[in-house]
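The values are calculated or read from the model by the stated rules, or taken from the named source; none is laboratory data. The structure displayed is predicted, hence computed values, not measured ones. Every residue, glycine among them, receives a Cβ derived from its backbone with ideal geometry; neighbour counts consider all protein chains shown. Surface accessibility is based on the protein's heavy atoms, side chains included, excluding ligands, DNA and RNA. Shrake-Rupley method; radii C 1.70, N 1.55, O 1.52, S 1.80 Å.
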Protein chains: 2
Amino acid sequence: MKNKQSYLQNYVSVDCVVLGYDEVENRLQVLLIKQKDPDKQNVDSYKSQYALPGDLINENESLDEAASRVLNELTHIKGIYLQQFYTFGHPDRVSAPKDADWLRVHRKDPNARVITIAYLALVRIDHITPLAGSFAENTIWRSIKKIPKLAFDHNQILGKALEIIKEHPEQHIMGRELLPPKFTLSQLQNLYEAMSGLQLDKRNFRKSIKTADYLIPLDEKQKGVLHKPAQYFSFKKSKK
Amino acid sequence: MKNKQSYLQNYVSVDCVVLGYDEVENRLQVLLIKQKDPDKQNVDSYKSQYALPGDLINENESLDEAASRVLNELTHIKGIYLQQFYTFGHPDRVSAPKDADWLRVHRKDPNARVITIAYLALVRIDHITPLAGSFAENTIWRSIKKIPKLAFDHNQILGKALEIIKEHPEQHIMGRELLPPKFTLSQLQNLYEAMSGLQLDKRNFRKSIKTADYLIPLDEKQKGVLHKPAQYFSFKKSKK
DNA sequence: ATACTTATTGTATTTTGTACAATTACTATT
DNA sequence: AATAGTAATTGTACAAAATACAATAAGTAT
């Protein structure tokens, strides 16, 4: 280590991969923001890009707090579990030509490197109203099967997040409010299938989750359905 | 996002948890550096601390490259697999009184926040000669069972690294050169046991690794041992 | 009464994990 | 040559978990 070396400016940001479970369509969507036309010119003159919600960290907040704040500013949701999953810091990760305009307007030093700590959140899509037209940007949900080209290295960040939930769906279901407080086993199975990308056998799925022992069977059934009504279940409170 | 907001200086560093496998003692040790007396006074006047090897990132290197460089500068080893495992960025992580002296000497802005990306490396301890008395610091191996109080939040960083290898020993053995090119199954089992902290049954261990299919049995036996000589094995080349 | 829809359930089979001890091949000693 | 000492090697019985697979049940609508 050199003594009191001079040191170039680094920006530090957090980016949030917010995955919303769409129970109706049984698919995961990702929350994206549309970068605004930085020069306030008409939209056609500027190639507006989609991006993951993210922002520079503030002075006195932890990384986790920064991620919570950014998520809250963009979705108005609070108390959601956010998991740090990787840090992206390649010197060139924000220096593609496509990103130059945005940086020029939004950064004091547009050429400075930005290191970003990426976070993953999972939510029920019908619990969130993306703040379209809010102070910052338009937000939209996009199916993870049809991801557009994103700003910076955000496609890479999203890809890593999707790998993680695909590998361990079970770790990202409990305590994440991805289902209503009361749900059927079919709803739970659909969620597993959407997260893993696999199709599961009904009988074996039910056997395995009953072994896992995190469900509470309720004395309540579906009503008004055109078939045998399913029993409702809820999650046991996690100990953490 | 605010427009061209002013932004406080953040330092960004990498810290390396280098775990060395000591086959003779069958234990893992961690590579620590001893911070030098910053004021060049006699050692007694300064509470010298142990720390994980780490350094600020340079301008044009990726995070992975920074970790490799730091590791190389401290151990002269190259080509070792380094895995990013977590980023630590609490605003107060370097502001304990114990760390003030060192920061005052080594940082232009001793009060600035430091975000550090932590990396994990595993090596054979007899392959590494820590560079005692080199330009920067003394380096020592310490058993992971007897970790002293470290600088900054390095105990926390080390703790997280140890959790990771404890949970998935198998992922950190292949391709890491933790054993000689030819090794016996007992050597391999000892390594597993050191990493997991568990004791394993010989027959069951052999059954499971033969299922795993990453070993090549060699036509060679131990020589000159006071017991039935063991067969040597080597790892299949990993495909990555 | 019938058709329709989804929920619910069990069994046989395979695979994997676990507990447990006798025999083998070498060296050193007598 | 026989014996003792040491670690390597191997198998079996049992339990638990994963997998493949289809008939019956409980509602609604006609």
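A few comments on the model shown:
- Any chance B:F152 is aromatic (F, W, Y) and within 14 Å of another protein chain (Cβ to nearest Cβ): yes
- Comparison of A:K223, A:K145 shows that the only residue that is out of contact with any Lys or Arg (no Cβ under 6 Å at 6 or more places or on another chain) and either open to solvent by less than 50 Å² (accessible area, probe 1.4 Å) or not assigned by TED's automatic domain parsing to the domain that holds A:L74 (or both) is A:K223.
- The single residue among B:G175, B:G159 that is part of a helix (DSSP H, G or I) and among the small types (G, A, S) turns out to be B:G159.
- Residue in the range B:188-198 that is within 14 Å of DNA strand D (Cβ to nearest atom) and assigned to a loop (DSSP other than H, G, I, E, B) present: no
- Enumeration of residues in the range A:115-131 that are within 14 Å of chain B (Cβ to nearest Cβ) and within 19 Å of B:F85 (Cα to Cα): A:I115, A:T116, A:I117, A:A118, A:Y119, A:L120
- Residue satisfying condition, being more than 14 Å from DNA strand C (Cβ to nearest atom), under 16 Å from the mean Cα position of the chain (by Cα) and in contact (Cβ under 8 Å) with a residue 60 or more places away in the chain, within set B:Q187, B:Q156, B:Q171: B:Q156
- Matching residues in the range A:72-97 - criterion: being within 14 Å of chain B (Cβ to nearest Cβ) and among the aliphatic types (A, V, I, L, M): A:L74, A:L82, A:V94
- Which listed residue is basic (K, R), within 16 Å of DNA strand D (Cβ to nearest atom) and outside any helix (DSSP H, G or I), from B:K210, B:K228: B:K228
- Residues that are in contact (Cβ under 8 Å) with a residue 12 or more places away in the chain, within 13 Å of chain A (Cβ to nearest Cβ) and of a type in the set (D, E, K, R), drawn from the range B:46-68: B:D55, B:D64
- Among the candidates A:I128, A:I115, residue that is aliphatic (A, V, I, L, M), open to solvent by less than 50 Å² (accessible area, probe 1.4 Å) and either at pLDDT 95 or above or over 26 Å from A:D55 (Cα atoms) (or both): A:I115
- Condition met for B:K237 (more than 10 Å from DNA strand D (Cβ to nearest atom), loosely packed, with under 10 Cβ neighbours inside 10 Å, more than 14 Å from chain A (Cβ to nearest Cβ) and basic (K, R)): no
- Some residue of the range A:194-216 being closer than 19 Å to A:Q29 by Cβ and within 16 Å of DNA strand C (Cβ to nearest atom): yes
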